[in-house]
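Some notes on the structure that comes next.
The values are calculated or read from the model by the stated rules, or taken from the named source; none is laboratory data. Not measured: the values here are computed from a predicted model. Every residue, glycine as well, gets a Cβ built from its backbone with ideal geometry; the counts of neighbours run over all protein chains shown.
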Protein chains: 4
Amino acid sequence: MLVRIASHAADSSTEIVLANAIALGLDARALSDGHGGVTVAIDGDMHDGALDIAGVVSIQRKHKPYMLATRENRSTSTVVMVGDVPIGTGEPVVMAGPCVIENERDTVEIARMVKDAGATILRGGAFKPRSSPYSFQGLGEEGLQHLARARDLTGLPVVSEVMEPDQVGLVAHYSDMLQVGARNMHNTPLLKAVGRSGKPVLLKRGFSATVEEWLMSAEYILASGNPDVVLCERGIRSFDTATRFTLDLNAVPLAKELTHLPVIVDPSHGTGKRSLVERMSLAGLAAGADGLIIEVHPNPDSAACDASQTITPDTLARIIRKGRALTELLAEDFDPIALTVLSAD
Amino acid sequence: MLVRIASHAADSSTEIVLANAIALGLDARALSDGHGGVTVAIDGDMHDGALDIAGVVSIQRKHKPYMLATRENRSTSTVVMVGDVPIGTGEPVVMAGPCVIENERDTVEIARMVKDAGATILRGGAFKPRSSPYSFQGLGEEGLQHLARARDLTGLPVVSEVMEPDQVGLVAHYSDMLQVGARNMHNTPLLKAVGRSGKPVLLKRGFSATVEEWLMSAEYILASGNPDVVLCERGIRSFDTATRFTLDLNAVPLAKELTHLPVIVDPSHGTGKRSLVERMSLAGLAAGADGLIIEVHPNPDSAACDASQTITPDTLARIIRKGRALTELLAEDFDPIALTVLSAD
Amino acid sequence: MLVRIASHAADSSTEIVLANAIALGLDARALSDGHGGVTVAIDGDMHDGALDIAGVVSIQRKHKPYMLATRENRSTSTVVMVGDVPIGTGEPVVMAGPCVIENERDTVEIARMVKDAGATILRGGAFKPRSSPYSFQGLGEEGLQHLARARDLTGLPVVSEVMEPDQVGLVAHYSDMLQVGARNMHNTPLLKAVGRSGKPVLLKRGFSATVEEWLMSAEYILASGNPDVVLCERGIRSFDTATRFTLDLNAVPLAKELTHLPVIVDPSHGTGKRSLVERMSLAGLAAGADGLIIEVHPNPDSAACDASQTITPDTLARIIRKGRALTELLAEDFDPIALTVLSAD
Amino acid sequence: MLVRIASHAADSSTEIVLANAIALGLDARALSDGHGGVTVAIDGDMHDGALDIAGVVSIQRKHKPYMLATRENRSTSTVVMVGDVPIGTGEPVVMAGPCVIENERDTVEIARMVKDAGATILRGGAFKPRSSPYSFQGLGEEGLQHLARARDLTGLPVVSEVMEPDQVGLVAHYSDMLQVGARNMHNTPLLKAVGRSGKPVLLKRGFSATVEEWLMSAEYILASGNPDVVLCERGIRSFDTATRFTLDLNAVPLAKELTHLPVIVDPSHGTGKRSLVERMSLAGLAAGADGLIIEVHPNPDSAACDASQTITPDTLARIIRKGRALTELLAEDFDPIALTVLSAD
């Protein structure tokens, strides 16, 4: 059940609700709504008497299984800070960089280029999930050091993938945001570990995960104490192999109806095809995404991985320029809360 | 093979190429490129000598299996006229109307409403494919008469679905464009029949058809002598049933790379959910679609079918207003031919 | 609603039920259960009074949407006769022959070979659905004549595909069973036409049709007056293209739980790969299928179509020999009715 | 590349090949074929001169990307020992037990029941991947202790799931075989960890993994030094939700053509529906599977998880009795190597 506590309530209101729940042997967690209010999620049922506490403004017994991620009972959307860059404000955020970190010089060069193009977060892989054990698996800590160096020189916060619980501390040490990749969306030990990391998390949708399963994975992170989750639609597997994956943009407005978390789009993996990245970036923003994550390389054909889906800094600059204009144009009438209210069925 | 004949060539050039092919027992068809030039598609191989004819500017032996639909060897995109409404000019076209025609009064009323909202083509079903033999299968000819009456009163050309070869004459008599539904995309007798109808065709993608299969179905229509085909992406079937179908917007820029035919998007079937239609309409246009087809009803919840995905005329007006602004904004830099040239891989 | 009439009741019982329903403006149809009993399916609701008729043994108001195809309220399974060959008795039936009819001599030769191998029905295509308009589309009536000639010489009844309503009379004239292909499973005009043909129908599952949609297509045929429908699982489309389709054998015991109609399996299209046909034929029978339909050619690699999935008569003979032994072995304990009763959830 | 060393060769032959490869900076591993011969897999290319070594009988430069898992260049199939139970001999092996370990008494009781029914390996989950963070996640080490106790009392070796690298030591301490679940098939750190564990591994196919991706995951384990991998087909995700997953039995004969590893089938997850488990178990064996893994509980409806797909020990006994008879019946003619040779296309 969900218990909502007013923004003007004393902190003790939340503490009493939590204590009463725990006294009944129930699992209970508090999540700030970012405006002073608090939602307490309780895994089990308490009678009204035990919740007759000053500051409690509503009690909801029927709700989605993702109690903390659901937009029900929330009046605001979550804004996630990555370094000093906010995600979820209405202004689209672009994360860009190479598929895999190759060396320091190139990493710094690409960081400068994507910054000039308008990106505000640097992406790059140090630990890479590869289908073959014989493929290059990333530089590991050395790659993270190159990323951190690029951040120091450009001021861009960095996001990098983490693949197992034991790597969380290391990746969190060097980067500003932890990425959980599509192949690990169901990896619950990893979700719990990034949930305890203190760093914001970019949670990619598994390529055959339903939207509900994706939100349940976010719930694992939230329930481990980390409120800073950004969802990323990156393409699902379908019967048609004309594109590498099928970018499921329906999932963007749907997820934004269902959850208060920001949602971004990865048009690089979502298409697998360089010539489609620009159009699908703009489509993602028109669908309501809070940002994009894009693979960029000065010489895409010589990128160490994902060459066929990597674009140039020039194309990135055009996407960002158009994407901002498009978002501004559409911002007038749209309002996520209004959208939710409209969704009757 | 594909033989290209210059726009300044004499008509006899085309005739000689066709005659030489037929003399060799090969199937051959001529397709105008809309700018005076002609492509002759020949199913088989002729040696260069048999094509040493004045006006022949190029000979291509290796090409896509959809010889007539392919963009290879074409410098222009096809513009399809539906009544006096052109599709494929860069200005988005919106087809709107009820799922199924219920009676004359409502049809005329909805036609006026969608016209006021900015739609330029009226859609409505008289023959309906239903999953149950016990469901209402449409008014048939009476429904077509209501549609025609609405056209007479509003000036909007109409598009309506045809389900079997024997209906083609009847539907072509009353409507300005014939729709082949997703469930009939592989119905080759029907494709051949609409190919001989003399009316433009709206070809919906089968919900489990690959993009290549979709273009091969278009090829059936083109090869039957009808150059006026508009493709429509309307959602594919995937593992996630959170939305009725998965709108595959990747298919829009991909199809526009591969073929010279216009491509529109159906966000009503592609989502099955009213609250997602506006966002996905805009996403479709940002992806490069030449238009939209949308189910509209003044009281969506009382619509005779597809109620959950039907929007109001007010929402339609907002979509059209924003969609036009968005298309104009993006038009500056984009150019489909340029896109094709960019697609290196 | 479903009204069940006892096997010992007078014929007039059925007639009165039908008349009462029709008097109320409801659509009503009678379906024999093959043991003297009758189920009347009524599309709408009648009160008990209107059904207080001698011979009525049960009234069911809540049931599957496929009222006639459902196993609910039936104590027996349907046996469909194709010529003198019964399908659905527990003894597996094998339909075999070439993908497409090429000429009379080869057709007769293959017919003799598959008969020697133990097949009891001859298959062969005269009208072929092809993805390209430039591919061979079948011999048409000439192909049907070759099939009929092979039947005359071997005694094997024949099954052949029909692709549009106007072909039904022609194909029904020459063949003993009409096949509706996977691409036409949603073609309701065709379903209605074969429903009025007087010939048994082999209904292939669409490659992206749910089991419920498949049964609804069968319902169209039953509701058009034809009780003789055999379902055929032939592979669905999935994300993995290692095999041409994914043979969905779960659908076999599931369909047999849900419907009283026989179910057979097509391991040729279901795998697309010759080396898998034998194993998947046996798996299909172990899953409970009532038979198989297999593409066979004396020189598979020179078959005019589907060469990669076509097997030799020798392999066919081995499949039939093993398949019969396997079915006998498993027959002892299994009983489809018992299975239904067990399925609690 | 693959270098094959004869069974009669001195051990030094293998060592010299490995040393030469390593001297060239290439990754190289030796895998015994179980009959005295050795295959050395080298990730890179060596010229013939460097391989002119006594005992080398063949050099293969073109092969599948799963160099160690491929059947190419192998004359025998792998037999994996789990405790004293061999998998891959032609005699089907049945692993059975509860979804999740609930307590010692029930675990021992079920172990006795499945042993009486004919199962030879006990399965049971101590660490459970759950979609909700609020669901029971398994007893952990305590569950493993119950399993070990059941093994001590019944003699059945046990298999249990491991979910993260840090658990490998613990699970390997108590169980005889480590299971990598479908949601972890792409978890490469886990694959590497079980590859170094010294225990045989049951590798479930990801529910949206292609057969090639599945074999690449096996390759990760083999390349980490562990030759004892058993593959398990457990259902893939498709568009039809009538069953929980779509059991892809095509994958069984296909995987057995492509790899020398044993393949088993999980009809419990593969159907999600109790009434289909018996038929699909038999279908799996008819498709050529080396065994089954089945969820069993004395009172299925009260099982702590997966109740709807759990069967009784009585049903298990019938499946095993019939499955053995069926396998014997089919064993006469089938021969996996012969099958491979037949697969021409």
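Numbers at a glance
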read-out	value
Test for A:Thr312: is it in contact with a helix residue (DSSP H, G or I) (Cβ under 9 Å, 6 or more places away or on another chain) and more than 9 Å from chain B (Cβ to nearest Cβ)	yes
Selected residue [of a type in the set (Lys, Arg), within 14 Å of the chain's Cα centre (by Cα) and in the same structural domain as C:Met95 (by TED's automatic domain parsing)] from C:Arg130, C:Arg123, C:Arg149	C:Arg123
Selected residue (only one of C:Gly225, C:Gly198 is surrounded by fewer than 22 Cβ atoms within 10 Å (Cβ to Cβ), at positive phi, under 16 Å from the mean Cα position of the chain (by Cα) and free of Cβ contacts under 8 Å to residues at least 60 places away in the same chain)	C:Gly198
Within segment D:38-71, tally of residues that are of a type outside the set (Ser, Thr, Tyr), within 26 Å of D:Ala289 (Cβ to Cβ) and surrounded by 17 or more Cβ atoms within 10 Å (Cβ to Cβ)	5
Positions within segment B:165-182 being of a type outside the set (D, E, K, R), within 14 Å of chain C (Cβ to nearest Cβ) and either at positive phi or more than 15 Å from the chain's Cα centre (by Cα) (or both), in sequence order	B:Pro165, B:Gln167, B:Val168, B:Gly169, B:Leu170, B:Val171
Selection count, segment D:292-341, where residues are hydroxyl-bearing (Ser, Thr, Tyr) and at pLDDT 95 or above	4
Residue ID - farthest from C:Pro65 (Cα to Cα), chosen from residues in segment B:120-167 that are among the β-branched types (Val, Ile, Thr) and buried (at least 21 other Cβ atoms within 10 Å of the Cβ)	B:Thr120
Residues being among the charged types (D, E, K, R) and either more than 10 Å from chain A (Cβ to nearest Cβ) or over 22 Å from D:Leu247 (Cβ atoms) (or both) - total across segment D:210-222	1
Given (1) surrounded by 24 or more Cβ atoms within 10 Å (Cβ to Cβ); (2) away from chain A (no Cβ under 13 Å), index of the condition D:Leu191 fails	(2)
Which numbered condition D:Met185 fails, given (1) over 13 Å from the mean Cα position of the chain (by Cα); (2) within 25 Å of A:Tyr134 (Cβ to Cβ); (3) modelled with pLDDT of 95 or more	(1)
Meets criteria (aliphatic (A, V, I, L, M) and more than 27 Å from C:Arg244 (Cβ to Cβ)) for B:Leu276	yes
A:Leu292 more than 9 Å from chain B (Cβ to nearest Cβ) and either assigned to a loop (DSSP other than H, G, I, E, B) or over 18 Å from A:Ala331 (Cα atoms) (or both)	no
Residue list for segment A:43-72, restricted to those being touching a His at 6+ places or on another chain (Cβ under 7 Å) and at pLDDT below 90	A:Glu72
Failed item in (1) touching a strand residue (DSSP E or B) at 6+ places or on another chain (Cβ under 7 Å); (2) within 9 Å of chain A (Cβ to nearest Cβ), with D:Val159 passing the rest	(2)
Residue, nearest to A:His260 (Cα to Cα), within segment A:15-51, restricted to residues that are without any contact (Cβ under 8 Å) to a residue 40 or more places away in the chain and of a type in the set (S, T, N, Q)	A:Thr39
Qualifying positions in segment C:226-282 - in a strand (DSSP E or B), among the aliphatic types (A, V, I, L, M) and at the interface with chain D (Cβ under 8 Å from one of its Cβ atoms)	C:Ile236
Residues being small (Gly, Ala, Ser) and touching a Lys or Arg at 6+ places or on another chain (Cβ under 7 Å) - total across segment A:119-139	1
Residue within segment A:202-209 that is within 14 Å of chain D (Cβ to nearest Cβ), touching a Leu at 6+ places or on another chain (Cβ under 6 Å) and under 29 Å from A:Leu316 (Cα atoms) present	yes
Criterion (basic (Lys, Arg), farther than 19 Å from C:Val230 by Cα and either at pLDDT 95 or above or crowded, with 19+ Cβ neighbours inside 10 Å (or both)) met by exactly one of C:Lys204, C:Lys115	C:Lys115
Residue match in segment B:85-98 (condition: away from chain C (no Cβ under 14 Å), over 16 Å from the mean Cα position of the chain (by Cα), surrounded by 24 or more Cβ atoms within 10 Å (Cβ to Cβ) and not charged (D, E, K, R))	yes
